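Heads up, the thing below is written out as structure tokens.
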Amino acid sequence: MSSSAELHKRRAAAVARGVGSVISSYVERAGGGTLVDVDGREWVDFAAGIAVTNVGNSAPRVVAAVREQVERFTHTCFMVAPYEQYVAVCEQLAALTPGTFDKRSALFNSGAEAVENAVKVARHATGRPAVVVFDHAYHGRTNLTMAMTAKSMPYKHGFGPFAPEVYRAPMSYPLRDGGLSGVDAAVRAIEVIEKQVGASNVAAVLIEPIQGEGGFVVPAPGFLPAIAAWAREAGAVFVADEIQTGFCRTGDWFASSHEGVEPDLVATAKGMAGGLPLAGVTGRAELMDSVHPGGLGGTYGGNPIACAAALAAIETMRELDLCAAARRIESVLRPGLEELAARHPAIGEVRGRGAMLAIELVVPGASGPTGPEPDPVTTARVALACHEAGLLVLTCGTHGNVLRFLPPLVISDEHLARGLKILGSALAS
């Protein structure tokens, strides 16, 4: 096996510079909450492939299901010659996503595709053009989803012009919006929408119940229900982007359920298929079925191998009760993070839910127009120190000053404690 250094040289000669990586080591195997590189070095995994490997990197049921499906057939294209696995995944999505109303689903390859198709459905069903998203949002890297994403660098810089009819409203961000309640923050956002867009023009209001790349921002209680209620009254489609929050990550199957919100459409991906590329849009039957036959789809959407993996992953989530596992992870990580916050004034806030937690780093004692001054420099240094000491963490946030923690839901308490110890040493250094 080549060393990481040798592989890095090969990469430089073959892989486009625009494709970045968090670490420069190359993984040889992974599982149980750790990654091991080709040189035998081990990391505690607080990234889970960006919330993808919720059931682990090689869950036994997923491995067996994939192997069996590969031996049967790898592809026919569901739009040409359909198969049961696609149907079965859609049945599971109907059962698991919030709401007891009649639902339909369509399957795709990535989160960005799911978001784009949710917009397509909403526009087709309403006959309206406008899409409302929120400050700090991240929805993908395609042209439309770049327009919907708030952060310029590295996602949008130099790639415009972007798709039109996308409008941005202020998000509920408790650390940075002057202590507004969720309801008051919703009133502020709705006022912006009504004045700058017009309720009768809005096809969809699309939001992450807990923001991902934007900084793991958890809106104040009441914000999501109020925005969803306004959307329904306005005749707009309320879309929950549950791509990072879905499939047990926050301690429930979907984060919308924590406040009893039942989205009209739900976009899913990441944790659904145990690491294989699969995404979906699930929602009210009358909305999904408003699109003419052939209007939704794609060559690889709902690939049979990915569908087999998803069915096995969902079975694993049920069998191991990974919603409870996410709550257990929070019960271990959050007290440790709060203890670190008490010792380090640079930690402005500990936030998140379940196994989707974060700390926002700020300049102690310094403030700006939106609250505590962000400290992206220290954040980058702490992340690097973690990586060098054997803990894989990710940064995020509009200002790049948030460390996010997304361990696989099958990680042990021992590895959680080891990760916290490394993080504490990195902050101290």
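The values are calculated or read from the model by the stated rules, or taken from the named source; none is laboratory data. These numbers come from a predicted model, not from an experiment. Backbone-built Cβ (ideal geometry, glycine too); neighbour counts: all protein chains shown.
Descriptive notes on the structure:
- Among the residues listed as 133, 119, 115, the single one being under 16 Å from residue 265 (Cβ atoms), touching a Ser or Thr at 6+ places or on another chain (Cβ under 7 Å) and β-branched (Val, Ile, Thr): 115
- Test: residue in segment 324-344 that is more than 24 Å from the chain's Cα centre (by Cα), of a type outside the set (D, E, K, R) and closer than 29 Å to residue 25 by Cα: yes
- Cross-chain or 6+ apart pairs with Cβ under 9 Å, segment 376-396 first and outside the structural domain of residue 348 (by TED's automatic domain parsing), then in a strand (DSSP E or B) and modelled with pLDDT of 95 or more: none
- Checked across segment 53-70, the condition of being in a strand (DSSP E or B) and more than 30 Å from residue 416 (Cβ to Cβ) holds for no residue.
- Those strands (runs of 3 or more DSSP E) lying entirely in segment 251-359 with at least 1 residues charged (D, E, K, R) and farther than 26 Å from residue 403 by Cβ: 279-284
- Residue that is touching a residue at least 12 places away in the same chain (Cβ under 8 Å), surrounded by fewer than 23 Cβ atoms within 10 Å (Cβ to Cβ), not aromatic (Phe, Trp, Tyr) and not in a loop (DSSP other than H, G, I, E, B), where the choices are 400, 365: 365
- Single residue of segment 59-93 satisfying the filter (of a type in the set (Gly, Ala, Ser) and surrounded by 19 or more Cβ atoms within 10 Å (Cβ to Cβ)) that is nearest to residue 254 (Cα to Cα): 59
- Members of segment 162-187 found to be within 25 Å of residue 400 (Cβ to Cβ) and assigned to a loop (DSSP other than H, G, I, E, B), listed by number: 162, 170, 171, 172, 173, 174, 175, 176, 177, 178, 179, 180
- Considering residues of segment 200-224 that are part of a loop (DSSP other than H, G, I, E, B) and aliphatic (A, V, I, L, M) only, the residue farthest from residue 258 (Cα to Cα): 217
- Meets criteria (under 21 Å from residue 232 (Cβ atoms) and buried (at least 24 other Cβ atoms within 10 Å of the Cβ)) for residue 172: yes
- Checked across segment 328-339, the condition of being within 25 Å of residue 138 (Cα to Cα), surrounded by fewer than 21 Cβ atoms within 10 Å (Cβ to Cβ) and in contact with a Gly (Cβ under 7 Å, 6 or more places away or on another chain) holds for at least one residue.
- Members of segment 348-362 found to be free of Cβ contacts under 8 Å to residues at least 40 places away in the same chain and more than 20 Å from the chain's Cα centre (by Cα), listed by number: 362
- The single condition from (1) under 16 Å from residue 222 (Cα atoms); (2) modelled with pLDDT of 95 or more; (3) touching a strand residue (DSSP E or B) at 6+ places or on another chain (Cβ under 9 Å) that residue 203 fails is (1).
- For segment 147-168, the criterion of being of a type in the set (S, T, N, Q), touching a His at 6+ places or on another chain (Cβ under 9 Å), over 25 Å from residue 292 (Cβ atoms) and assigned by TED's automatic domain parsing to the domain that holds residue 228 is met by at least one residue.
- Residue that is nearest to residue 248 (Cα to Cα) [pool: residues in segment 188-211 that are surrounded by 24 or more Cβ atoms within 10 Å (Cβ to Cβ) and in contact with a Lys or Arg (Cβ under 8 Å, 6 or more places away or on another chain)]: 210
- For segment 368-389, the set of residues classified as small (Gly, Ala, Ser) and either surrounded by 15 or more Cβ atoms within 10 Å (Cβ to Cβ) or not in a strand (DSSP E or B) (or both) consists of 371, 380, 383, 385, 389, listed by residue number.
- Unique residue being farther than 26 Å from residue 402 by Cβ and in contact (Cβ under 8 Å) with a residue 24 or more places away in the chain when the list is 133, 121: 121
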